[in-house]
Every structure is written in C-alpha cells, then in structure tokens.
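Data block below; observations after.
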Protein chains: 2
Amino acid sequence: MREAALKYRVNNNRIIDFSANINPLGLSPRVKKALISGIDTALHYPDPYCEGLKKKLASSLGVGEKNILIGNGSCDLIYLIPRVLTPQKVLIPVPTFAEYEYAVDVSKGMCKFLFLEEAEGFSVNPEYIIDNIKKMEMVFICNPQNPIGNVMKKEELISVVSQCEKRGVKVIVDEAFIDFVQGYDYLSLVKDAVSRENLLVLRSLTKFFGIPGLRVGYLVGEEGLITEISSGQAPWMVNTLGQIAAEEALEDLEYIERSRIYVCEEREYLFSELKRITGIDPFPSAVNFIFCKLTLDEIDSILLDEKLGRRGILIRDCSTFRGLGRRFIRLAVRKREENIRLISILQEVLGTEG
Amino acid sequence: MREAALKYRVNNNRIIDFSANINPLGLSPRVKKALISGIDTALHYPDPYCEGLKKKLASSLGVGEKNILIGNGSCDLIYLIPRVLTPQKVLIPVPTFAEYEYAVDVSKGMCKFLFLEEAEGFSVNPEYIIDNIKKMEMVFICNPQNPIGNVMKKEELISVVSQCEKRGVKVIVDEAFIDFVQGYDYLSLVKDAVSRENLLVLRSLTKFFGIPGLRVGYLVGEEGLITEISSGQAPWMVNTLGQIAAEEALEDLEYIERSRIYVCEEREYLFSELKRITGIDPFPSAVNFIFCKLTLDEIDSILLDEKLGRRGILIRDCSTFRGLGRRFIRLAVRKREENIRLISILQEVLGTEG
C-alpha cells in the first residue's frame, strides 16, 4: 500500500494520530489568521510560479530566487525530478520514504536498493553509497532519514556529492524534516546546492509548519539545473492559500523557534519514557518522530497497530517500508498529554511496566 | 509569453479585470463559509486521490467513480495526458488555449496546427479535422472554444471521435467553459467518454465556481484509460481547501442556476452594447466571455490593452494566441455595473459613440 493512502486517515477528536509527522503545535495562529483573511484570493488565479514566496525563501535561505523551484508539496517535485532528468538507474538506500521509488517507476527508471543495516542503526554509510554508484545516474538520500530519524553528517554527504560528481551521478537530498533538527542550518546542503551541478535539495514546508493539507515544498539547486527541471512543471501548481500560508509561516519566527524547542523537549521526554517500556526499543532521533523496534515475539508491528488503533491511537506500522520486516513502528512526537497517553497505552498493550 | 503569466495580474479594487474568465458572481457564500470553517484541515494530509469529491462528481455527472481523475486544476491534467500517453504527433485547431501546445512540447511531441478561418467565425469544422488527422495520434479540441466562445455541435464532435477511433487517434475535448452554456448537459461528451476508448473529456471547477485560486479540475474517460493516466500522477495533488470548496460548490444548486442565468443575461447585454460601438465587432458567444475584432486601423489589440490598462480596465489582448494577429481581444462577462463601465471606457477610447 502506498504511503499516500496510509497518510490519509480520519482525524477526529477521539483519535490521536502518531502516524503523520506533523508539528505538534499545529497551525500557527498567524498562519491561520492569514488564511482566513485570504479566503477571497480563491477568486483569482495564483501567482503561477510563486514569485512572492520564492523571494521570501531566497532571502531566508541566503540563495538566489533562480535557485528555487516551488512545487505542490515536495512530493510533486519528487515526481518531477526523474520525469525531467529521466535517469535509467537510480540508487535508493532503504528503508526510506517510498515515493522516490514510485516516482522513478513512473518515469520508467530502474531502482537499485541499498539495504541499510539494523546493526548500524540503519545509518547511511557514505562509502557504502560510493561503492554502489557504478552505472547509476541518480541517488536519493533522505536526510534526516525517514522513518529512522537519524542524520548523516554534512561532511559525509558532501563527500558523497563530490564522488558522485566525478561519476556523473546526480544526488537528490531530501531535507523534509531538517527544520526540526537543532543546528539544522549547518547541516543543510541548501547553500552547497547553488554551486554544485549534481546536487538538488528538497525541502518541505508542510511538516514543520503543520500545513500538509496545503501542499507546499521546494527544490534548491544550481540555476541551470533548476531551469531545466522547471521546464517540466505545469503552471499554477500551488494554490493561493498554500502560497499565503507559506509566506506567512516563514515570517513567524516566534513559532519557528518555539516549535523547535518544543519538539526537542518532547522528543527527549518520549524517548526516555519509551526506553523504560519492555518490548519496545526506540532509536535515537534528531527530528519529530521516533523509530522503534518491537522486541516481544508475540507482538509484531501489524498486531500492535491494530491493538492501538482499537484504543484510538494511530501509529505508523513500518512493515510497508522496503527493507523492514514486521518489527518496526514510527511514532510522531506530539503534545505532552498525548505522549503521556501513548506511553500509558503502550504499557497496557505490551503488558509490561518497565 | 505564457497564458500563465498573463493571467496573473494584480487585482485590487480600482482595477476591473476582464482578462480572466471567472464567474462574475464570485465565490458562492456557501463555499466561502465552508472554506472558513475548514481552515484547520490544513493540518492534515489531503485525501490523496480526492475520493470524496470523486464520489460527488460521479453522482452529479452520472458516470462511475473510476471514470474520473481529479487534478490540481485542469491544467495539471492537460500536462498529464501527453506525459503518460506520449503522442508523437498532435493536432491542435487554433486559436485556442495555449497550454495544450506547451504540454505536448514538454512531453516531446510535435504539434500540427490547424488554422481556423476568421471567415467561418473560427469555428471548428469536423471535416477539416478529419482531413488532417492522418499520421496524428491525438487531437485537442476546446469546446466551447477559448478564446472564441463558440460551440461545436455534439453530433459533429461525436463524428470526429468516431472517425478518430478508426484511425487510432485520441480526442481530448476540453469543456472548461461548458457549465456556462445553456443546455450544456446535452452538449457535453462526459457520458460518451465513459464507453469510448479514444475520448477524454476535461472539465474545470474553477471558472464556473469562481475558484481559480484553488486549482481543481477533472478528467472523464473510459475506466482503463483513466487508470493508465492516473498512474502518472503524484499523490496529494489537490489540497484540502480545494477539495472542500469543490465538494461544497457542487451541492450549491441555487448558485449554479443563478450563475448560469446571470451570465446569460449579462452576455446578451454586453454583446448588444458592444455591437453599438464602432471600431469593435463582437463574435457570438455561448459562454462567459466575448471575443471581439478591432476594426479601426489606428488601434490594434496591444494599443487598446495599454489604453484601457491606464484607465483601470484589464482585457485579454489576443495577439499572443497562435493564429491570431493584433486585431482581437477577449472580454470576460462581468457584473452589470462593471460591464457598463467597460462600455463607457471603450466608447471613450475608440472615440466613437455608435
């Protein structure tokens, strides 16, 4: 089943959704206000290529406007890249976000999967990538990695990009969750992408700003490469309300700072509480979700998903991720009272109190 | 210059925009209310394939849900069709909506243009199409025709579809403006598309419902063909607010009926007033815009556009449409007081009072 279908669940007040990795603080009040007062923009065509938003992003990222391409969510851009660049062979370290694979399929490319090792915490080893890029034309790297939540060091990534450049391989780095990372500014390859012809960096505005319903993502790269990829995009891809929300969100510095601190604190809380439960083993995470291994023989991820679902808790059963068996789940970091409820129900379901 | 860029203009209260063909009644109050109370849906992923909207459309059109594919505006679908079906040669009667040509270009197909005759009111002659489909794989027909506003008879279109079927040519009929036509139900090929493997019908929700900012369009066709085209679409293409607006709009029968009557009356009013002005010759129209020829030697469409622009009136200079020179403009039908203002300024600028 596709991630797309999985991510769409009925959200009502009695269900707590730990399956979607959205900012637990929800919609920023400033963004909500801007959306309400912007409803009448529905009556006009949107800026076809989001020039206003591009300008704000360029200034906030410290790159040029021509280094940015905005899409209808980063998923739109994940499909656009292989469509325009038509790579025949694409390397994908897994487990990772499934849409890379689907996007390559749609563009009639072949995927080669690099299975990351559980013993190494599913971390992406740069040498392992370099050893496998022979005959490849493109590689997708999700950093921070979804569903693991770990981070590849900038130096390592840059060395991969350089090695790939020599071999004519394009590197697509998906930084969808990087805004949640402490010190993300240093970690991001956004500024490097401007001058490197084989590097494209994907960013999302929907996870961090809590607006997945509005579909806004962007791509940063060298001007010529961005122009080439833009040529495959239809106009008017981001609707007026998506543009309004994104523009307002970028300026809401108070919300940005507050979100980063809140998620960091709650992640640490949730991690330490999970650690205390027998039957579940959380992996270290730098972002707003925690990947966990289930260690009791009698409860696999499918069964746990079902048991929690019946108690109003949605989690991400990771058995649908390529390269993972039925022993892994992903939990979004949510508000304190929700995290407490999760812990309490997990203790109840796993039948243990650490 | 692309239609996309042209359609994006600053809309403020002092400017009256006759260049974009949007329902003059604006956003329906019901839709506006639904949008405001739906703002918080921004926090959740949208239904990835708009199943709720599909169900409502299927029931309102009398076709199956599997005969419908929803896109991020019909423009998204205009690009998707040649991308998936990859026709090498595509016939396009012109003047018409420019995005068909751009979409075929992006998909590396070749366009053959069929220049419609001014002497025949730029009408699409079915025999003229049949005579030219040899070696073609696809034909785009805009019905009602944009920018002309005329309509091709259903029997004629069906005969084109049948002839094309024998020759393995796919027919894409764009009915973006058909909701404005009196008796549009009979005219539409939506129900025919369900059982014909070489016919796809494009529809828009943005023009008639005044929501171009929200990007919602759809495609109707035979189940297998729709499945094939869907395979090239990324998930989550229509955002939550677009889906909410579209679902609500379809149920607002009072607004639908009122809009059709209003546009019909205003079109007749505007047409008869334009007829009385020397220097401008309106073409008969079945929709919410009127195509006009400028007959004074000293004022072409570019100059008129400029002169009206300085007076706060935006019109569509049609010199950018393939197959039209600098003597044609397109005027959207707007509210009575706005239409009166247009007439008065046109009289002033053209220097005549008929």
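Is any helix in chain A, taking whole DSSP H runs, at least 30 angstrom long along its axis by alpha carbon and on average at least -1.0 on the Kyte-Doolittle scale, and which ones?
Qualifying helices: A:253-275.
Could you tell me whether the protein assembly as shown comes out rounded, prolate or oblate from its Cα gyration tensor? Rule is a ≥ b ≥ c as square roots of the eigenvalues, rounded for a/c under 1.5, then prolate if a/b exceeds b/c, otherwise oblate.
On the way: a/c = 1.97, a/b = 1.82, b/c = 1.08.
It is prolate, given that a/c is not under 1.5 and a/b is the larger ratio.
So in the protein assembly as shown, what percent of DSSP beta bridges are antiparallel if you round to the nearest 5? Show your work: numbers first, answer last.
On the way: 38 of 76 bridges.
Restricted to the protein assembly as shown, the bridges split so that about 50 percent are antiparallel.
For chain A, what does the relative contact order come out to in percent, with C-alpha contacts under 8 Å and a separation of six or more? Mind showing how you got there, number by number?
Values: 688 pairs, mean separation 84.7, N = 354.
Relative contact order of chain A: 24 percent.
Take the eigenvalues of the Cα gyration tensor for the stretch A:19-145, scale each by 5, and report the square roots as semi-axes in whole Å, largest first. Spell out each step's value before the answer.
Values: eigenvalues 233, 75, 42 Å².
Working from the Cα gyration tensor, I get semi-axes of 34, 19, 15 Å.
List every residue whose amide H lies under 5 Å from the amide H of A:Arg322, counting only residues 5 or more places away in sequence or on a different chain, with H placed 1.01 Å from N in the peptide plane.
A:Thr96
Tell me the distances, shortest first, between A:Gly351 and the same position across the other copies, using label points 7 Å along Cα→Cβ, in nm to one decimal.
9.5
Enter the mean number of other protein chain beta carbons within 10 Å of the beta carbon of each residue in A:236-248, as an integer.
Values: counts 13, 7, 3, 14, 6, 11, 7, 1, 1, 4, 0, 0, 0.
Mean shielding count: 5.
May I ask you to derive the FRET efficiency for B:Arg30 and B:Ser162 from their Cβ-Cβ distance with R0 = 41 Å, giving the value to the nearest 0.05? All intermediate terms of the calculation are to be shown ahead of the outcome.
Values: r = 41 Å, r/R0 = 0.99.
Calculated value: 0.50.
List, shortest first and in nm to one decimal, how far the label point of A:Gly62 (7 Å from Cα along Cα→Cβ) is from its counterparts in the other copies.
Between copies, matching label points for A:Gly62 lie 6.3 nm apart.
Taking both sides together, what accessible area is buried at the A/B interface, probe 1.4 Å, expressed in Å² and rounded to the nearest 100?
Details: alone 15460 and 15460 Å², together 26590 Å².
The buried area between A and B, both sides summed, comes to about 4300 Å².
Can you give the helix-only mean residue ellipticity at 222 nm for chain A, where every DSSP H stretch with n ≥ 4 adds -39500 (n - 2.57) and the sum goes over all residues, rounded to the nearest 500 deg cm²/dmol? Intermediate values should be presented prior to the final figure.
On the way: 14 runs with 141 residues, N = 354.
Calculated mean residue ellipticity at 222 nm is -11500 deg cm²/dmol.
For the stretch A:168-323, calculate the relative contact order in percent as a whole number, restricting contacts to Cα pairs under 8 Å that are 6 or more residues apart. If you can, show how the numbers build up before the last one.
On the way: 177 pairs, mean separation 26.5, N = 156.
Reported relative contact order: 17 percent.
In nm, give the distance between the simple-model label positions of B:Ser59 and B:Ser195, each being 7 Å from the Cα along the Cα-to-Cβ direction.
In this crude spin-label approximation the distance works out to 2.5 nm.
Taking the label point as lying 7 angstrom from Cα along the Cα-to-Cβ axis, what are the distances from A:Glu337 to the corresponding position in the remaining copies, in ascending order and in nanometres?
4.9
Excluding residues on the same chain fewer than 8 positions from B:Lys56, give the lysines whose Cα lies under 26 Å from its Cα.
Partners found: A:Lys7, B:Lys32, B:Lys33, B:Lys66, B:Lys154, B:Lys191, B:Lys207.
Under 21 Å from the Cα of A:Lys134, which lysines turn up, not counting those fewer than eight places away in the same chain?
A:Lys89, A:Lys108, A:Lys112, A:Lys166, A:Lys170
Nearest 0.05, what FRET efficiency do A:Arg322 and B:Glu254 give at R0 = 60 Å with Cβ-Cβ as r? Show your work: numbers first, answer last.
On the way: r = 51 Å, r/R0 = 0.84.
Efficiency, from the Cβ-Cβ distance: 0.75.
The values are calculated or read from the model by the stated rules, or taken from the named source; none is laboratory data. Everything numeric in this text was worked out from a predicted model, so none of it was measured. Methodologically, a virtual Cβ is constructed for each residue, glycine included, from the backbone with ideal geometry; neighbour enumeration extends over all protein chains shown. These accessible areas exclude ligands, DNA and RNA; they are computed on the full protein's heavy atoms, side chains included. Shrake-Rupley method; radii C 1.70, N 1.55, O 1.52, S 1.80 Å.
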